[in-house]
Amino acid sequence: MGLIPDFILDVITVNTFWSILFICHALLAVALLGALSHQAMSVLMPVRVAAGPGGFVTRFRAVQGAGYATAVCVLWIITFFFGAWIYTKYRMYVRIPIEQEGFWKTQGVFELKEHLASIGLGLLPIYWYLWKNARDPQYDSPRKWLTVTLAGFCWFMFLTGHIVNNVRGFGS
Amino acid sequence: MSTTTQTPAAASKPSASSLAQSATFRTFATVFALAAPIIYVICEMRNWPLFTYHPGTNRLDLGWSAAVRDQGPAMHWYGWTATMLIGSAILGGIATMLPENVTKRIPLSLVWILPLAAVPVLIYALRFFWRWE
């Protein structure tokens, strides 16, 4: 496999390498999903300063959203990069059996996932800019709905990744 | 209700030298975000990848190319994404040369409306997969 540096294969097997890469991809996706979910809740249901202490939901949405912006961009890019790397393996050893089994809709939602990941990549610069100007009220609406859009994309991609892994993941 | 984030000044106040205060970067990022879903959808539907990757043989072909018999599949997604990123960057760069009174008129709401509008188009483009068999 030319996409794995030789020095790594001196230490671990090919399968172990792909498993580690996939786990890293999945863990980064969890972090990204958490960050975007907190942010989306913080703009959809902002906590008033005078509201006082609240329950779990209040604390979930009471985050300082601006502090997540750079982390979300970095996480999206790294998760995208790892996913794009794994995709070579997926195309050869996962997609073909999925098609042979006739799981067309599973394959379809995965195709949509890759489209959304790419489009999301194109939204990151303006997303970052809007959050870095979070004190400017003229950006309230686009920041809010762009964050919700990215969070929705992320949830879809996360769940689709789980579904595809359930269809043909580890040990298949 | 305003959703202006109530953050400590240090968390969100851009520094004087940062991109976050640059009107040029704002224009670039806005046009980049508007162009990305449009270019991506066009590339996907017209099948215009910048390059094609053949994972079975690790070969790259410029533009679109079909899978080679007995050499595994051809992958175009990388090429669509590259086309989108380069095309959006070029358009964003061109937009920065426009006067600010023009670029300020670009509705910022389009940065989330266009990506959402792209979703049903992409679902339609994937109609081959929505079947029961």
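The values are calculated or read from the model by the stated rules, or taken from the named source; none is laboratory data. Not measured: the values here are computed from a predicted model. Here Cβ is always computed from backbone atoms with ideal geometry, including for glycine, and neighbour counts include all displayed protein chains.
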**OP:** Quick one: count up the residues across the stretch A:44-59 that are over 25 Å from the mean Cα position of the chain (by Cα) and outside any helix (DSSP H, G or I).
**Re:** 6
Subject >> Selected residue (only one of B:Ile123, B:Ile39 is at pLDDT 95 or above, more than 7 Å from chain A (Cβ to nearest Cβ) and not in a loop (DSSP other than H, G, I, E, B)) >> reply: B:Ile39
**OP:** Search the stretch A:66-92 for residues being over 30 Å from A:Tyr139 (Cβ atoms) and within 10 Å of another protein chain (Cβ to nearest Cβ), and hand back the single one that is nearest to the chain's Cα centre (by Cα).
**Re:** A:Ala84
**OP:** Would you tally the residues in the stretch B:65-90 being touching a Phe, Trp or Tyr at 6+ places or on another chain (Cβ under 9 Å) and surrounded by fewer than 17 Cβ atoms within 10 Å (Cβ to Cβ)?
**Re:** 1
Original post:
Of the numbered conditions (1) hydroxyl-bearing (Ser, Thr, Tyr); (2) more than 24 Å from A:Arg143 (Cα to Cα); (3) more than 8 Å from chain A (Cβ to nearest Cβ), B:Tyr78 satisfies every one except a single condition; which is it?
Top reply: (3)
Original post:
Tally time: how many residues in the stretch A:1-43 are more than 30 Å from A:Thr147 (Cβ to Cβ) and not in a loop (DSSP other than H, G, I, E, B)?
Top reply: 11
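For (1) crowded, with 21+ Cβ neighbours inside 10 Å; (2) of a type in the set (Ser, Thr, Tyr); (3) touching a strand residue (DSSP E or B) at 6+ places or on another chain (Cβ under 8 Å); (4) within 7 Å of chain B (Cβ to nearest Cβ), each residue gets a yes or a no:
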{"residue": "A:Val94", "(1), (2), (3), (4)": "no, no, no, no"}
{"residue": "A:Ile98", "(1), (2), (3), (4)": "no, no, no, no"}
{"residue": "A:Thr106", "(1), (2), (3), (4)": "no, yes, no, no"}
{"residue": "A:Phe110", "(1), (2), (3), (4)": "yes, no, no, no"}
{"residue": "A:Leu124", "(1), (2), (3), (4)": "yes, no, no, no"}
{"residue": "A:Ala134", "(1), (2), (3), (4)": "yes, no, no, yes"}
Subject >> Residue list for the stretch A:136-151, restricted to those being touching a residue at least 12 places away in the same chain (Cβ under 8 Å) and surrounded by fewer than 19 Cβ atoms within 10 Å (Cβ to Cβ) >> reply: A:Val148
Original post:
Between a first residue in the stretch B:17-28 that is more than 7 Å from chain A (Cβ to nearest Cβ) and a second residue that is acidic (Asp, Glu) and not in a loop (DSSP other than H, G, I, E, B), which pairs have beta carbons less than 6 Å apart while being 6 or more apart in sequence or on different chains?
Top reply: B:Ala23/B:Glu100
**OP:** Looking only at the stretch B:66-75, decide whether some residue is at pLDDT 95 or above, of a type outside the set (A, V, I, L, M) and touching a Gly at 6+ places or on another chain (Cβ under 8 Å).
**Re:** no
Subject >> Flag if B:Asn58 is out of contact with any strand residue (DSSP E or B) (no Cβ under 8 Å at 6 or more places or on another chain), on the phi > 0 side of the Ramachandran plot and touching a residue at least 24 places away in the same chain (Cβ under 8 Å) >> reply: no
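Please determine, by comparing only the residues of the stretch B:95-120 that are hydroxyl-bearing (Ser, Thr, Tyr) and more than 7 Å from every other protein chain (Cβ to nearest Cβ), which one is farthest from the chain's Cα centre (by Cα).
Here is the first cut: in the stretch B:95-120, the residues hydroxyl-bearing (Ser, Thr, Tyr) are B:96, B:103, B:109.
Subsequent filtering for residues that are more than 7 Å from every other protein chain (Cβ to nearest Cβ) retains B:96, B:103.
Working: B:Thr96: 17, B:Thr103: 19 Å.
Only one residue tops the list, namely B:Thr103.
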